[in-house]
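Since every read-out is calculated from the coordinates, none of them should be taken as a lab result. All values derive from a computational prediction rather than experimental measurement. With ideal geometry, Cβ positions are generated from the backbone for all residues, glycine too; neighbour counts draw on all protein chains shown.
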């Protein structure tokens, strides 16, 4: 049986490195190449993973063409993440997420390589309808959201214009092991865990009653790998989430219970560009991937805390008496 060679842009990042792990475990995958400029990714995320790391940017068109030339599929995850980061530097977000995507698509078009790409639930923006289904209008509230809308629009346009096999997923608040904390743009779950393990107050922007459809990274990468191996395509965007709707403050309290510390919440002013409520309609996803099983939030949070406890910077906290977490 022939094997597939897969390129993962952003392959040293949080989702990318988890995907590389998933891909190398599949017997029908041959070579995995992780292309990453390490601006937000980390080479250590690929430690022990049988994947080739190519350090470089998706803004380097010549490099992209060389990397993609030997591939059977590309999973395009490279991006400049974070709404607040895009507010600080909108042009950089546009360059990475819009122009970078066009570069990836041009390389794939030249080589005739299918593309699976990551968009974001943030493209729905101020549309109030819940759950969010793919036929809703898009009203981005931040430069990041606009740049991810450009990402998916270019992907689908290349599919329509050049008969390139494409699939564009809208990710909803992905979390899990390898997601970094300890920086100004950290996502909510790692930021909460980091604060609790360090014995610091947890910062909650706004009243904490804003809701999110949290999706465990292990589930996400199984869908991505399956999409590559089964050559799944779709002419429209596809939500990659399962219709859960959890208040942010509730996640904080669940994490406090898991870690064994008080939920010392400090409310701060709501952030510009943040969506109030987010919840996915998963009908299209279920139609394309009928066998996928969602990891429940409680299980995913346990797995994530367990991974954080393996990091040396949190060892002193565990020794000081925080409750260890067993994941079985």
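Some notes on this structure:
- Distance from the alpha carbon centroid of region 171-214 to that of region 108-142 works out to 23 angstrom.
- Applying 1/(1 + (r/R0)^6) with r as the Cβ-Cβ distance of residue 184 and residue 2 and R0 = 56 angstrom yields a FRET efficiency of 0.75.
- Helix 188-197 vs. the chain, principal-axis angle (Cα, 0 to 90°, nearest 10): 40
- Computed extension gain for residue 60 through residue 99, at 0.36 nm per residue and net of the alpha carbon distance, reaches 13.0 nm.
- Whole-angstrom gap from region 228-243 to region 52-107, using each part's C-alpha centre: 20
- The chain - percent relative contact order, Cα under 8 Å, separation 6 or more: 17
- If R0 is 22 Å, the Cβ-Cβ spacing of residue 129 and residue 291 corresponds to a FRET efficiency of close to 0.20.
- Rounded if a/c under 1.5, otherwise prolate or oblate - region 53-111, Cα gyration tensor axes: prolate
- For the chain, adding -39500 (n - 2.57) for each run of n ≥ 4 DSSP H residues and dividing by the number of residues yields -11000 deg cm²/dmol at 222 nm.
- Crossing angle, helix 143-162 versus the chain [Cα axis fit, 0-90 degrees, rounded to tens]: 30
- Prolate/oblate/rounded label for region 32-184 (Cα gyration tensor, a/c 1.5): oblate
- Label of the coordinate-derived value, Rg/Rh (Cα atoms, Kirkwood Rh), listed as (i) 1.45; (ii) 1.48; (iii) 0.95: (iii)
- Between residue 39 and residue 106, the C-beta separation translates, for a Förster distance of 22 Å, into a calculated FRET efficiency of about 0.55.
- In degrees, nearest ten, helix 14-24 long axis to first principal axis of the chain (Cα): 60
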